[in-house]
Amino acid sequence: MSYENYLAGEPVIITAALTGGVQGKEATPHLPETPEEIGKAAAEAEEAGASVVHVHARKDNGERTFATERFQEIDDEIRRQADDVIIQHSTGGTGASDEDRHLPLRTDPAPEMASLDMGPMNRYDHLTSENTRGLVDSLHEEMVERGIKPELEIFNDGHMNETYGLLERRDLAEPVYGTLIFGPGTLTPPKPRNFINAIDNLPEGAQFNTLGFGRHQLPFVTMGILFGGHVRVGLEDNIYYERGELATSNAQLVERVARIADELGREVATPSQARDILNL
Amino acid sequence: MTCPFLEYRSEANNRQFDEPRAYCGAAEQFVQPMRADICNNRYDLAHDEHCEIYLEHADEVSAGNENGNETENTGQSAGDGA
């Protein structure tokens, strides 16, 4: 994908990362945690222009859970409250066992998409989410069995190598869909030249999604739109609307990026169009 | 054995929650849900290995207190699997 794809005016898929697995209501009261709250947030995000919702599961006190049953409750609420939005489960889980990491894939029906972290990521000062190649392969295998489209989460340039390694080890359904992630720590440094470099390094024919953490969310999704990619926004990645002003909802962040896409001449994809683009 | 600094509170620092949430007595603030799993030694996580806040304050913990703080908690499970 490239600037030519932007000029062609192809639709842009907006993913709303509603909750995440790190922060909770201690960070912002607007972050949805319960199934009911997540379902409502998904419906509002879809109304604002999101065609995909990226979902993590939480217990009633906001703490993480990987239980299939909790993902099922959340999916049921999303389907009850939203119209046609594509559900994408996270398979991330710092510190969780490999078995736990598979549990979000086992709802009925399976999610249409699920994330697949392409390698290690440091957390805090003494912790690393390992994401071994063995785990990547086993998660991909179960996704194939259950008809789930993997969203390859590429935290840095080394993970681009890991993406090519996965393509050598496994047959991935086309198009390969990778999220380029920019921010602090283990992530790719958020500089425009690194963004250009990353999209140049993508496998041929791949579709890319653009994710910037914190204050990098807005400029990087704008670059994603301009270079023919897709975009992810939401309270998982950024809790602020402007400097010092909390975003009041996921939908507020989706509305802004949908408005920018429209101003820049790219149609915002409906869930149906997103399914066609991603070959779901 | 959970972190001796872990408490579950519904209210602190002018914040109120319907459900009691993990609060770090060393940092004197509510903690992120991911960090709460470290406090509770859930999954493959351990507060005395993975938490920089505990490691910085470890010398404040008496041997007796390090045996667990279940009496300070409010019924939250420390052994939550998925």
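Toward the positive end of the charge dipole of the protein assembly as shown, with +1 on the Cβ of Lys and Arg and -1 on the Cβ of Asp and Glu, the farthest Cα among A:Ile78, A:Leu127, A:Ala45 is that of A:Ala45.
Placing a pseudo-label 7 Å from each Cα along the Cα-to-Cβ vector at A:Asp76 and A:Glu99 gives an inter-label distance of 2.5 nm. Among the residues of the stretch A:24-53, those with an accessible-area drop of 50 Å² or more from chain alone to full protein complex, heavy atoms and 1.4 Å probe, are A:Glu26.
Starting from 0.36 nm per residue, how many nanometres of slack lie between B:Asn14 and B:Asp44 once their C-alpha separation is accounted for? Before the final figure, lay out each step's value.
Values: separation 30, 0.36 × 30 = 10.80 nm, distance 3.28 nm.
Length gained, B:Asn14 through B:Asp44: 7.5 nm.
Go ahead and run the numbers for FRET between A:Glu142 and A:Glu168, Cβ-Cβ distance against an R0 of 22 Å, rounding to 0.05.
Values: r = 20 Å, r/R0 = 0.90.
Computed FRET efficiency for A:Glu142 and A:Glu168: 0.65.
For the stretch A:44-122, a simple Cβ point-charge model (Lys and Arg +1, Asp and Glu -1, everything else neutral) yields a dipole of about 300 debye relative to the Cα centre.
Starting from the alpha-carbon convex hull of the protein assembly as shown, give the projected area averaged over all orientations, in nm².
17.0
Work out the charge dipole of the protein assembly as shown with +1 on the Cβ of Lys and Arg and -1 on the Cβ of Asp and Glu about the Cα centre, then indicate which of A:His216, B:Tyr54, A:Gly234 is farthest towards its positive end. About the Cα centre, the residue reaching furthest to the positive side is A:His216. Normalising the Debye intensity of the stretch A:130-215 to I(0), with uniform scatterers on Cα atoms only, and taking log10 at q = 0.15, 0.17 Å⁻¹ returns -0.55, -0.70.
Taking the accessible area of the protein assembly as shown, probe 1.4 Å, and keeping the other protein chains in place, the carbon and sulfur fraction comes to 44%. Charges were assigned to the Cβ only: +1 to each Lys and Arg, -1 to each Asp and Glu. The resulting dipole of chain A about its Cα centre is roughly 660 debye.
In percent, what relative contact order does chain A have, based on Cα pairs under 8 Å that are 6 or more apart in sequence?
Details: 587 pairs, mean separation 72.4, N = 280.
With pairs under 8 Å counted, the relative contact order is 26 percent.
Each of A:Pro175, A:Leu253, A:Met113 was scored by the projection of its Cα onto the charge dipole of the stretch A:3-278, and the greatest displacement toward the positive side belongs to A:Leu253; charges sit on the C-beta of Lys, Arg, Asp and Glu. Accessible surface calculations at 1.4 Å, restricted to protein heavy atoms, place the protein assembly as shown at 41 Å² per residue.
Interface area, chains A and B: about 2300 Å² of buried accessible surface, summed, with a 1.4 Å probe and ligands, DNA and RNA left out.
Bridgeable lysines around A:Lys40 (alpha carbons under 28 Å apart, same-chain partners fewer than 8 residues away excluded): A:Lys25, A:Lys59, A:Lys149.
The values are calculated or read from the model by the stated rules, or taken from the named source; none is laboratory data. Just so you know, these numbers come straight off a predicted model, no measurement behind them. With ideal geometry, Cβ positions are generated from the backbone for all residues, glycine too; neighbour counts draw on all protein chains shown. For the accessible areas, the whole protein counts, side chains as well, though only heavy atoms, and no ligand, DNA or RNA atoms are used. Shrake-Rupley method; radii C 1.70, N 1.55, O 1.52, S 1.80 Å.
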